[in-house]
Each structure stands twice: as structure tokens, then as C-alpha cells.
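Below you'll find the structure, written out as C-alpha cells, and then a few comments.
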Amino acid sequence: MRRHRSVRLLAALAASVLLAGCASGPSAEGGFVGGDGSLTVVPVAEREPAPQVTGELLGGGSFDSADLSGKVIVYNVWGSWCAPCRKEAPALEAAARATADTAQFVGINTRDLSQEPALAFTRAFGVTFPSVFDPDGRELLKFGTQLPPSAIPSTIVVDAEGRVAARVLGETTEATIRGLVDDVAAGK
């Protein structure tokens, strides 16, 4: 009798998990939240300093956001295991190329335990902008509560004064990112 009750409980739990996966909006998977594409723009007067992002780049070298002072920075948080990241990669690359005069795109690769899958991702999707290798999320934690990139993917735009200006929670589009970069570069 006890075993049948346990089996029924497990079946009910499995059914609720499957049904929850069909829901719209943000969802949790593997400790991360799947974003809904929501956009937050911070008014200029309310912007707070972005953290200094540093680390090892995929494929070698190092990164320090302090070296990009005076330029709009677009951080994209991604993982090679993330389906929405694969879907948005071509749009991000196109936006990076279109805004190269005003913005520097920087990926923050998270939760890939080695660089090989991440490097394969960048080759497969033609991503040319650099990515910081951040397997344990240390760089992500630096953003704290001031628009934390709590979903994978997330995109954060930092203005030329080094302040967090906008965040897209979840998959984004080329038009959205280009529009954000243009607005932020214009001081909006």
C-alpha cells in the first residue's frame, strides 16, 4: 500500500512538472530562470554604477571592463547549453557589428565547466565579440540587486559613464539591442 502511494505521488509530481513547463512567462530550470524577454530601462538620473567585470577570455587573454571607459558596453550572459542563447546568438552578432562604432559587446559565458563547448558555440554561431569565461557565476554576482542577470540569457547595457542603463531578461532581438544602444549612446 505504501509503495503504491509513493508511486502515485511521484507520478503526480512528474505530471505537475511537465504541466509547469507548458506555462508562459519565466520558468526555472537547472537553478536558472528562463526569461520572458522583459525589458527594463533605467532613467538616466536613477542609474547606478555597473560593477567592474574582469576575467579570463574564452580562447585566452584577459578582460577588464575598466579598459572600455567612455564606451557603451553590452554584456550578454549565455551558456552553450542554453537553447534561447543559440537562438539569439545571430541577432546579437548582427547588433554588435551594426553598433561597433558606439558599443562593445562582451559575452559572459556561465555554467560551462570547460571552455570547449563554449568555444564550439562561438564558432557555430559566428560570434566574434569576446566572452569572459565565468563557469561559477562570480562575475554575474557582482551585479547584485541593481538589475541582476537572473535569467540565462540576459543582456545588460551599460552607458558610457559606466552605469547600468537597461536589461533584457531572456532572449532578445537585433532591433531591441540596436535601439537600446542607440538610445544609451545618445544619452537617453
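Taking amide H atoms as placed 1.01 Å from N in the peptide plane, the amide H of G55 lies under 5 Å from those of F63, each 5 or more residues away in sequence or on another chain. Peptides 59-67, 157-165, 89-97 ranked from most to least packed by the mean count of surrounding Cβ atoms within 10 Å: 157-165, 89-97, 59-67. Converting phi to 3J(HN,Hα) with the Karplus coefficients 6.51, -1.76 and 1.60 and the offset θ = phi - 60°, the range 179-188 yields x, 5, 4, 4, 5, 5, 5, 7, x, 8 Hz in sequence order, with x at every glycine or proline. Stretching the chain fully between A124 and A45 yields a gain of 24.4 nm (0.36 nm per residue, less the alpha carbon separation). Under a Cβ-Cβ cut-off of 11 Å, what is the net charge of the residues other than P135 that fall near it, where Lys and Arg count +1 and Asp and Glu count -1? Here the count lands on -3.
Collect residues whose amide H, placed 1.01 Å from N in the peptide plane, falls under 5 Å from the amide H of G79; neighbours closer than 5 in sequence don't count. For G79, the qualifying residues are T110. Shown here is the pair-distance distribution of the range 50-180: with all Cα-Cα distances grouped in 10 Å bins from zero up to the longest one, the shares run 13, 51, 34, 2 percent. The charge dipole of the range 63-127, taken about its Cα centre with unit charges on the Cβ atoms of Lys, Arg (+1), Asp and Glu (-1) only, comes to about 220 debye. Whole-Hz Karplus values for the range 48-55 come out as 10, x, 6, x, 7, 9, 9, x Hz, taken residue by residue from phi with 6.51 cos²θ - 1.76 cosθ + 1.60 and θ = phi - 60°; glycine and proline positions read x.
Laboratory data are not the source of any read-out in this text; all were calculated from the coordinates shown. Predicted, not measured: the structure shown is a model, and the values here were computed from it. When we count neighbours, we look across all protein chains shown, and the Cβ atoms used for this are built from the backbone with ideal geometry, even at glycine.
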